[in-house]
Amino acid sequence: MQGLFFVLCVALSVVGCGSDANDAPKDISREEAAPFPAELVRVAAKKPAPQFELTTFGGAKWSLSKQRGTPVVINFWASWCGPCRMEAEYIRNAFEANKNSGIKFIGIAVQDEPDDSRKFIKEFKWSFPSGPDATGEIEKAYGAFAIPKTVIIDASGMYSFEHLGVITEDILSREIRRVLPVNTVAKTVRR
């Protein structure tokens with residue numbers, strides 16, 4: 001019985017907090033994926049990002065369509081997701097390093113209790129907008145059937161980058177630099 005429990009724990013840590021074989025990226029960079037065995041990285045196909053609106057935990061309306069002309073980092077997470085907790089500080093640090101560079105961040109809580117989500121946000125000192133995917137439609141539109149998942153949308157509203165699993169500060173900083181105008185690139189955050 002203990003052996004079965006161990007195998008299940010290892011399997012869950014490899015796939016993150018859920019999985020969908022149809023969502024697995026085709027091109028994975030060995031160099032980028034080396035730090036975490038469950039990490040799947042790909043440069044997204046240049047296609048339009050699905051539009052969405054949500055109400056943040058602070059009560060404000062947030063709409064991707066209103067961000068047009070500005071790159072956006074979208075992070076799908078849940079308070080109960082261990083890998084999401086592992087990367088929460090990295091996401092916060094990237095936001096802090098880039099908050100004046102013209103890029104927006106939005107956190108999307110997936111299948112999480114609102115009170116637990118608020119505690120997570122407070123615990124990790126996130127100061128960027130975050131809200132629930134109340135209907136599951138945003139999760140579905142972005143194929144975020146496993147979390148954490150980070151997506152970067154460029155200023156023209158096109159996919160620029162997708163990352164499934166714990167994202168490192170180095171990878172996130174590099175991909176943010178790719179979507180920012182050259183004269184606004186923020187300092188690089190590294191750990």
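Residue check: is S101 under 13 Å from S173 (Cβ atoms), in contact with a helix residue (DSSP H, G or I) (Cβ under 8 Å, 6 or more places away or on another chain) and hydroxyl-bearing (S, T, Y)?
For S101, the condition - under 13 Å from S173 (Cβ atoms), in contact with a helix residue (DSSP H, G or I) (Cβ under 8 Å, 6 or more places away or on another chain) and hydroxyl-bearing (S, T, Y) - is met.
Find all pairs meeting these conditions: Cβ atoms under 7 angstrom apart; at least six residues apart or on different chains; first residue within region 119-131 and within 16 Å of K99 (Cβ to Cβ); second residue of a type in the set (D, E, K, R) and in a helix (DSSP H, G or I).
Close Cβ pairs satisfying both conditions: F124/E89; F124/R92; K125/R92; W126/R92.
Mind telling me which of the residues N75, N93 ends up being outside any strand (DSSP E or B) and touching a residue at least 60 places away in the same chain (Cβ under 8 Å)?
Of the residues listed, the single one that is outside any strand (DSSP E or B) and touching a residue at least 60 places away in the same chain (Cβ under 8 Å) is N93.
Might you check whether a residue that is modelled with pLDDT of 95 or more, crowded, with 21+ Cβ neighbours inside 10 Å, more than 11 Å from the chain's Cα centre (by Cα) and not hydrophobic (A, V, I, L, M, F, W, C) occurs anywhere in region 103-114?
For region 103-114, residues modelled with pLDDT of 95 or more, crowded, with 21+ Cβ neighbours inside 10 Å, more than 11 Å from the chain's Cα centre (by Cα) and not hydrophobic (A, V, I, L, M, F, W, C): absent.
Just to be sure I understand, how many residues within region 114-145 are part of a loop (DSSP other than H, G, I, E, B), aliphatic (A, V, I, L, M) and either within 21 Å of E162 (Cα to Cα) or in contact with a Phe, Trp or Tyr (Cβ under 9 Å, 6 or more places away or on another chain) (or both)?
Number satisfying all stated conditions: 1.
The values are calculated or read from the model by the stated rules, or taken from the named source; none is laboratory data. Predicted, not measured: the structure shown is a model, and the values here were computed from it. Every residue, glycine as well, gets a Cβ built from its backbone with ideal geometry; the counts of neighbours run over all protein chains shown.
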